[in-house]
Amino acid sequence: MKIKVVKDYDEMSLLAAKQIIEQIKIKNNSVLGLATGSTPIGMYKNLIEYFKRGEVDFSKVITFNLDEYIGLDKGNEQSYIYFMKKNLFSHINIKEENIFIPDGTAKDAEIECKRYNELLEKYGPIDIQILGIGVNGHIGFNEPSKSLTLRTHVTDLTEDTRKANARFFDDISKVPTKAITMGIGDIMKAEKIILLASGKSKAPIIKHMVETGISTFIPASVLKLHKNVEIIADEDAASLIEKDSCIA
Ligand code: GLP
């Protein structure tokens, strides 16, 4: 696992965007694994800028989002489909049929998970998987637990996660209790994984993830088993890591 420490959020965002652009230049029909949350928004802004300058073509790019809340309709501003359209898709020339996000409004969520797994098998492997990290170490919505699930599945959100995400909702009672998420195995199948972390609130979990062993109670620590993972952390997020843990 490589750790690249950069000055701030803007540098993190630009560096991540550059890697995606490079990937698309090498392979115009790249499969990207995308994340939501506040962390990747700057990266998406940079991608939009590259597109506006005519430096990238998304017309053949395929995207898979990590997760979606169950029970929010697609027009709900807190749904991840809404987030992705607002922050990326509606500003670039990606084709609607090349965008995949679990459907949190599906009548039968289990069938929806099966459908998503089949799509991942059809179009995968993902070339670059972008991840954020929850303050409790979750990736996607793979929450700390005695065991982790390999494939796309329905999950209960922990109180920690609901509290952390409540800032986007009117109050915590509005935060869904369930979500559909790609599993750890789906994430680990990606050719390359880039985990982004910014800000002091992420410093304890980044330290924990980097400096302690692999545990299902820190889902992101499982990434240590992957051959091509890069953490791009800003100075605040990396501020608690022992210096010799960093290869930058
Ligand atoms: C949500 C998403 C995760 C994301 C996390 C961190 O729970 N499901 O994929 O990594 O939030 O969000 P933020 O980047 O806002 O800290």
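What is the extension gain from residue 224 to residue 118, computed as 0.36 nm multiplied by their sequence separation minus the C-alpha to C-alpha distance, in nm to one decimal?
So the chain would gain 35.5 nm between residue 224 and residue 118.
Could you tell me the center-to-center distance, by alpha carbons, between segment 223-241 and segment 1-39 in angstrom?
13
In debye, nearest 20: dipole of segment 1-64 around its Cα centre with unit charges on the Cβ of K, R (+) and D, E (-)?
160
Show me 140-146, 64-70, 88-94 ranked by packing, highest mean number of other Cβ atoms within 10 Å first.
Per-residue Cβ counts within 10 Å, averaged per peptide and sorted highest first, yield 64-70, 140-146, 88-94.
Charges at C-beta only: +1 for Lys and Arg, -1 for Asp and Glu. How large is the resulting dipole of segment 135-200 about its Cα centre, in Debye rounded to 20?
Dipole about the Cα centre, nearest 20: 100 debye.
Where in segment 124-138 is the amide nitrogen less than 17 Å from a point lying 7 Å along the Cα-to-Cβ axis of residue 22?
What the label zone holds, given the 17 Å backbone N cut-off, is 127-131.
Quick one: putting +1 on the C-beta of Lys and Arg, -1 on the C-beta of Asp and Glu, what dipole do you get for the chain around its Cα centre, in Debye to the nearest 20?
In debye, rounded to 20, the chain gives about 360.
Counting each DSSP H run of 4 or more residues in the chain as -39500 (n - 2.57), what helix-only mean residue ellipticity at 222 nm follows after dividing by all residues, to the nearest 500 deg cm²/dmol?
-9000 deg cm²/dmol
Quick note: the coordinates plus some simple rules give every number you see, no bench work behind them. Source: prediction; values computed, not measured. When we count neighbours, we look across all protein chains shown, and the Cβ atoms used for this are built from the backbone with ideal geometry, even at glycine.
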